[in-house]
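Peer 1: Got a structure here, written out as structure tokens. Questions coming.
The values are calculated or read from the model by the stated rules, or taken from the named source; none is laboratory data. Worth saying up front: this structure is predicted, and the values here are computed from it rather than measured. No Cβ is skipped: glycine too gets one built from the backbone with ideal geometry, and neighbour counts run over all protein chains shown.
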Amino acid sequence: MLVEMAIADAYGAAFEFIQFPAPGLTNNGDAYHLNPETGLGGGRYTDDTQMALALAEHILRGAPETRVALADSFLNAYQRDKRPGYSRRFQRALDTAESGEHLLSLIEPTSDRSGAAMRAGPIGLYRDLSHAMELASLQASVTHDTVEGRASASAVAAMVHFLRYGLGNRKALGQFLDDKVPGFSWADDWTGPTSVRGVDCVRAAATIVRRATGLVDVLRRAVALGGDTDTVAAIAMFAASVCADLPNDLPASLYDGLEQGPFGRAYLEGVDRELSALA
């Protein structure tokens with residue numbers, strides 16, 4: 001789950017908004033690269049995984065489901081392990097804030113970008129789908145209190161829930177999302193590069209999950225689309241990793257090459273074991 005998401009995030013970050021093919025970058029699904037423009041990648045995950053980790057820990061602590069408590073969790077995850085990938089405005093707020101309540105006062109949550117969606121995967125593990133979607137929408141409101149921000153986050157939670165609990169054929173995922181979060185054409189296949197908009201990233205991720213043959217295929221498809229590759233890969237991979245009919249064929253090189261710091265692979269594996277008890 002989070003480990004596989006981190007792999008996808010770190011893998012996809014090397015290709016984010018890069019005109020592909022590019023010298024030195026090969027989308028074979030077996031090695032990390034560094035993004036020639038941002039320096040991201042190289043086995044180190046970005047804000048996508050860090051924010052999902054923050055939500056996972058929030059759930060496991062049984063923390064209150066309030067905007068202030070959620071903001072506290074986001075702030076804590078960032079300030080203990082500052083890393084790149086965040087929007088400049090949000091990162092300034094995270095660097096400045098002294099509490100979750102302070103963070104909320106520094107944010108103007110009017111974005112329709114992908115930040116709320118990219119972190120919502122762990123919420124989909126709740127057995128109660130209604131609860132999961134409500135929490136996904138609530139946590140979106142902290143930073144992306146817009147129709148698209150809330151909808152994209154709810155759709156990610158619904159996607160993970162559908163796949164984890166085997167609620168239907170994987171090919172029917174789009175129709176399930178259209179039923180649960182209507183108005184966004186989730187069942188339509190996404191083609192071409194993805195923007196940073198949350199709905200676009202989730203539509204692309206849903207298309208990848210419907211079509212993929214395994215987890216390596218998820219990686220390669222996300223990068224092949226172009227655009228916001230790390231976010232699309234991260235969303236799709238968390239969902240794909242809980243799907244019984246998608247084999248985990250990720251090579252050892254990607255697991256071994258994932259960062260090993262205080263909040264690296266071993267830490268994520270521990271959180272994953274606790275999350276598994278929710279399902």
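Peer 1: Under 9 Å between Cβ atoms, at least 6 apart or on separate chains: pull out the pairs that start in segment 75-92 with a residue that is in contact (Cβ under 8 Å) with a residue 60 or more places away in the chain and of a type in the set (K, R) and end on any residue that is in a loop (DSSP other than H, G, I, E, B) and surrounded by 16 or more Cβ atoms within 10 Å (Cβ to Cβ).
Peer 2: R80/F263
Peer 1: When you scan segment 13-36, do you find a residue that is in contact with a Leu (Cβ under 7 Å, 6 or more places away or on another chain), of a type outside the set (K, R), farther than 20 Å from G226 by Cα and not in a helix (DSSP H, G or I), even just one?
Peer 2: no
Peer 1: From the list A157, A116, A151, which residue is free of Cβ contacts under 8 Å to residues at least 40 places away in the same chain and within 16 Å of the chain's Cα centre (by Cα)?
Peer 2: Only one candidate qualifies: A157.
Peer 1: Is there a residue in segment 182-198 that is of a type in the set (A, V, I, L, M), free of Cβ contacts under 8 Å to residues at least 60 places away in the same chain and within 22 Å of M5 (Cβ to Cβ)?
Peer 2: No: segment 182-198 contains no residue that is of a type in the set (A, V, I, L, M), free of Cβ contacts under 8 Å to residues at least 60 places away in the same chain and within 22 Å of M5 (Cβ to Cβ).
One line per residue, one yes/no per condition, for (1) more than 16 Å from the chain's Cα centre (by Cα); (2) among the aromatic types (F, W, Y):
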position	(1), (2)
V3	no, no
Y11	no, yes
Q19	yes, no
P23	yes, no
T26	yes, no
H33	yes, no
G41	no, no
R44	no, no
D47	no, no
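Peer 1: Follow-up. Inspect all residues belonging to segment 63-83 and state whether any of them is part of a loop (DSSP other than H, G, I, E, B), modelled with pLDDT of 95 or more and within 11 Å of Q139 (Cα to Cα).
Peer 2: Yes, segment 63-83 contains at least one residue that is part of a loop (DSSP other than H, G, I, E, B), modelled with pLDDT of 95 or more and within 11 Å of Q139 (Cα to Cα).
Peer 1: Here's a follow-up. Within segment 210-223, identify whether any single residue is surrounded by fewer than 20 Cβ atoms within 10 Å (Cβ to Cβ), under 20 Å from F162 (Cβ atoms) and small (G, A, S), and answer yes or no.
Peer 2: Looking for residues that are surrounded by fewer than 20 Cβ atoms within 10 Å (Cβ to Cβ), under 20 Å from F162 (Cβ atoms) and small (G, A, S), one finds at least one in segment 210-223, hence yes.
Peer 1: What are the residues in segment 114-158 that are surrounded by fewer than 24 Cβ atoms within 10 Å (Cβ to Cβ), touching a Ser or Thr at 6+ places or on another chain (Cβ under 7 Å) and closer than 21 Å to Q175 by Cα, if any?
Peer 2: S137, R150
Peer 1: Still on this model: Take D256 and tell me if it is part of a helix (DSSP H, G or I), more than 21 Å from A116 (Cβ to Cβ) and acidic (D, E).
Peer 2: It is true that D256 is part of a helix (DSSP H, G or I), more than 21 Å from A116 (Cβ to Cβ) and acidic (D, E).
Peer 1: Any residue at all in segment 29-38 that's in contact (Cβ under 8 Å) with a residue 40 or more places away in the chain and surrounded by 20 or more Cβ atoms within 10 Å (Cβ to Cβ)?
Peer 2: Yes, the conditions are met somewhere in segment 29-38.
Peer 1: Now a separate question. Among the numbered criteria (1) over 22 Å from R67 (Cβ atoms); (2) of a type outside the set (S, T, Y); (3) part of a loop (DSSP other than H, G, I, E, B), which one does A205 miss?
Peer 2: Just one mismatch for A205, condition (3).
Peer 1: Is it the case, given these coordinates, that L258 is in contact (Cβ under 8 Å) with a residue 24 or more places away in the chain, closer than 17 Å to L55 by Cβ and either among the small types (G, A, S) or in contact with a Phe, Trp or Tyr (Cβ under 9 Å, 6 or more places away or on another chain) (or both)?
Peer 2: Taking the combined requirement at face value, the residue does not satisfy it.
Peer 1: Return yes or no: is F17 touching a residue at least 40 places away in the same chain (Cβ under 8 Å), on the phi > 0 side of the Ramachandran plot and crowded, with 16+ Cβ neighbours inside 10 Å?
Peer 2: Yes, satisfied.
For (1) touching an Asp or Glu at 6+ places or on another chain (Cβ under 9 Å); (2) more than 18 Å from V271 (Cα to Cα); (3) surrounded by fewer than 17 Cβ atoms within 10 Å (Cβ to Cβ), each residue gets a yes or a no:
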site	(1), (2), (3)
T49	yes, no, no
L60	yes, no, yes
A63	yes, no, yes
A71	yes, yes, no
N76	yes, no, yes
K82	yes, yes, yes
L94	no, yes, no
S105	no, yes, yes
T110	yes, yes, yes
